[in-house]
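Below: the structure, in structure tokens.
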Amino acid sequence: MKIALASDHAGFEMKEMVARFLTGRGLAFEDFGSSSGESVDYVDFAAAACEAVLAGACDRAILVCGTGIGMAMAANKFPGIRATVCWNAVTAEVARKHNNSNCLTLGGRVLNDQTALEIVRIWLETPFEGGRHERRLAKIVEIEKKYRGF
Ligand code: RB5
């Protein structure tokens, strides 16, 4: 699995920490920036990472901004991206089991480092349960199709 990793300035330090975590576990990733704590727009970095996932260059994305909210909002505009902001172990687990999340968003200003890495680990390791959840996700795809181009 290859991860598309990105942040804005508010998520930069946490993104770097996640990069070290992935490296330590021998997991492949591509870093789409940002490259410092200088103020940037989270949308641009969400777009770069999500486009890599949709193109098949990466399998999933991890995006970090101040709260995880802006990154999730931007990422979920890309049809096929299922971005979930997670803030603890339970939300990380259910985001995979029920929502088949392919994009984890984290809040660099609201999570401590230990919690953030626990979320990343669980999100990477937990499989999708399928079953009734497939039906619900298929309905989201129908909405994407219906409103594409609006
Ligand atoms: C940047 O100040 C902040 O607004 C951004 O990182 C994020 O939290 C938006 O959702």
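The values are calculated or read from the model by the stated rules, or taken from the named source; none is laboratory data. Not measured: the values here are computed from a predicted model. Please note that ligands, DNA and RNA were not included when accessible areas were found on the heavy atoms of the full protein model with its side chains. Shrake-Rupley method; radii C 1.70, N 1.55, O 1.52, S 1.80 Å.
Hey, which lysines would be in cross-link range of K145, C-alpha to C-alpha under 22 Å, not counting anything within fewer than 8 residues on its own chain?
Hits, sequence-local ones excluded: K77.
Using modelled amide H (1.01 Å from N, peptide plane; none on Pro or chain starts), what sits under 5 Å from the amide H of K2, excluding residues fewer than 5 places away?
D59, R60
From zero outward in steps of 5 Å, how is the percent of C-alpha pairs of region 25-150 spread across the bins?
Spelled out per bin, shortest first, that is 2, 11, 20, 23, 23, 13, 6, 2, 0.
May I ask for the angle, rounded to the nearest 10°, between helix 12-24 and the longest principal axis of the chain, with both axes built from Cα atoms and the value confined to 0 to 90°?
The angle comes out near 80 degrees.
Per residue, what accessible area does region 1-104 have, given a 1.4 Å probe and all protein chains present, in Å²?
Numbers: 4500 Å² over 104 residues.
Ligands and nucleic acids excluded, the figure is 43 Å² per residue.
By the gyration tensor of its Cα atoms, with a ≥ b ≥ c the square roots of the eigenvalues, what is the shape of region 1-57: rounded for a/c under 1.5, prolate for a/b over b/c, or oblate? Present the calculation step by step, with values, prior to reporting the outcome.
On the way: a/c = 3.29, a/b = 1.15, b/c = 2.87.
Here region 1-57 falls in the oblate category.
So what is the relative contact order of the chain, in percent, for Cα pairs below 8 Å that sit 6 or more residues apart?
Contact order relative to length: 23 percent.
Straight-line reach only, C-alpha to C-alpha below 21 angstrom: list the lysines that K97 could link to, leaving out same-chain residues fewer than 8 apart.
K2, K139
Got a number for carbon plus sulfur as a percent of region 25-150's accessible area, 1.4 Å probe? The partial results should precede the final answer.
Values: 3670 of 6880 Å².
On region 25-150, the fraction of accessible area on carbon and sulfur atoms equals 53 percent.
Would you grab the residues whose amide H sits under 5 Å from the one on C103? Only those 5+ places off in sequence or on another chain, please, with H modelled 1.01 Å from N.
A61, R82, T84
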